[in-house]
């Protein structure tokens, strides 16, 4: 970048409302007599609520409107999904009152095997 381009860039950036927040080349601070930035710790930054203030302040930016289709209007094809079969097995609870209540109920496979045996 030539010195003239650098001066032009500095003058353009200097006109921006958030110029004091922009990252600048180190040599600009001495060249353009910019005062050194104050360093604050994380707690002070969070308590200052700086991000929320900047987010909520009034801005004179035009709306971003895009009329042309993105990526030439290409449509994404959705792959066909195979149907999923679902089988519901209902296991009836049969309790023989002569026996003590089982602490652990048998699994569905054990119940099916038992039904087939009976």
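Observations, loosely collected:
- Scanning segment 13-32 for residues that are closer than 25 Å to residue 61 by Cα, loosely packed, with under 10 Cβ neighbours inside 10 Å and without any contact (Cβ under 8 Å) to a residue 24 or more places away in the chain yields 15, 22, 23.
- When we screen 62, 100, 69, 35 for residues that are loosely packed, with under 10 Cβ neighbours inside 10 Å and at pLDDT 90 or above, the only hit is 35.
- Boolean, residue 57 is surrounded by 10 or more Cβ atoms within 10 Å (Cβ to Cβ) and modelled with pLDDT of 85 or more: no
- Taken as a whole, the structure places residue 110 among residues that are at negative phi and surrounded by 10 or more Cβ atoms within 10 Å (Cβ to Cβ).
The values are calculated or read from the model by the stated rules, or taken from the named source; none is laboratory data. Values in this document were obtained by computation on a predicted structure and should not be read as measured data. Note that we place each Cβ from the backbone using ideal geometry, even for glycine, and neighbour counts take in every protein chain shown.
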